[in-house]
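K.L.:
My questions will all concern the structure given below.
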């Protein structure tokens with residue numbers, strides 16, 4: 001399976017792009033997307049709770065979680081609202 005990857009890549013690179021399918025894909029992607037800086041959110045939570053993303057087995061204190069949720073309330077509300085819209 002992995003040994004087939006180079007052939008699959010060459011095949012894909014040699015294939016013609018169907019502009020109608022590409023346009024449809026991009027339209028669908030834009031229709032179902034919204035601005036959310038996920039990597040920044042992930043880094044911030046990693047820095048706060050996991051000691052700059054160096055540890056994973058840590059105790060998270062309720063007051064720290066409350067502070068984080070309060071500080072990120074607008075981002076989390078946007079994320080929740082957009083998910084609810086898609087349901």
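K.L.:
Say each of residue 3 and residue 15 gets a label point 7 Å from the Cα, pointing the same way as Cα to Cβ; how far apart are those two points in nm?
P.N.:
The two pseudo-label positions are separated by 2.3 nm.
K.L.:
Any idea how far apart residue 56 and residue 30 come out in nm if each label point goes 7 Å out from Cα toward Cβ?
P.N.:
3.9 nm
K.L.:
Efficiency by 1/(1 + (r/R0)^6): what FRET value for residue 84 and residue 64, r their Cβ-Cβ distance, R0 = 30 Å, to the nearest 0.05?
P.N.:
Plugging the Cβ-Cβ distance into 1/(1 + (r/R0)^6) gives 0.65.
K.L.:
Quick one: angle between helix 38-49 and the longest Cα principal axis of the chain, in degrees between 0 and 90, rounded to 10, please.
P.N.:
30 degrees
K.L.:
Per DSSP H run of at least 4 residues, take -39500 (n - 2.57); add these up for the chain, divide by its residues and hand me the 222 nm value, nearest 500 deg cm²/dmol.
P.N.:
Values: 5 runs with 59 residues, N = 87.
After summing the helix terms and dividing by the residues of the chain, the value is -21000 deg cm²/dmol.
K.L.:
Note the angle between two axes, namely the Cα long axis of helix 62-71 and the longest principal axis of the Cα atoms of the chain, as a number of degrees from 0 to 90, rounded to the nearest 10.
P.N.:
Here the helix axis deviates by roughly 60 degrees.
K.L.:
Would you mind checking the stretch 60-79 for residues with the amide N under 20 Å from a putative spin-label position 7 Å along Cα→C-beta of residue 41?
P.N.:
Once the point is set 7 Å along Cα→Cβ of residue 41, 64-79 turn out to lie under 20 Å by backbone N, inside the stretch 60-79.
K.L.:
Dividing the alpha-carbon Rg of the stretch 35-81 by 2.2 N^0.38 Å yields what?
P.N.:
My calculation over the Cα atoms of the stretch 35-81 gives 1.18.
K.L.:
So I have (1) 62; (2) 47; (3) 33, and one of them is percent of Cα pairs over 20 Å apart calculated from this model. Which one is it?
P.N.:
The value computed from this structure is option (1).
K.L.:
Highest mean first, how do 41-52, 74-85 rank when packing is the count of other Cβ atoms within 10 Å averaged over residues?
P.N.:
Highest-to-lowest ranking by the protection proxy: 41-52, 74-85.
Taken together, the values in this text are just the output of simple stated rules run on the coordinates, not laboratory data. The shown structure was predicted, so the numbers you read here are calculated from the model rather than taken from an experiment. Quick reminder, even Gly has a Cβ in these numbers, built from the backbone with ideal geometry, and neighbours come from all protein chains shown.
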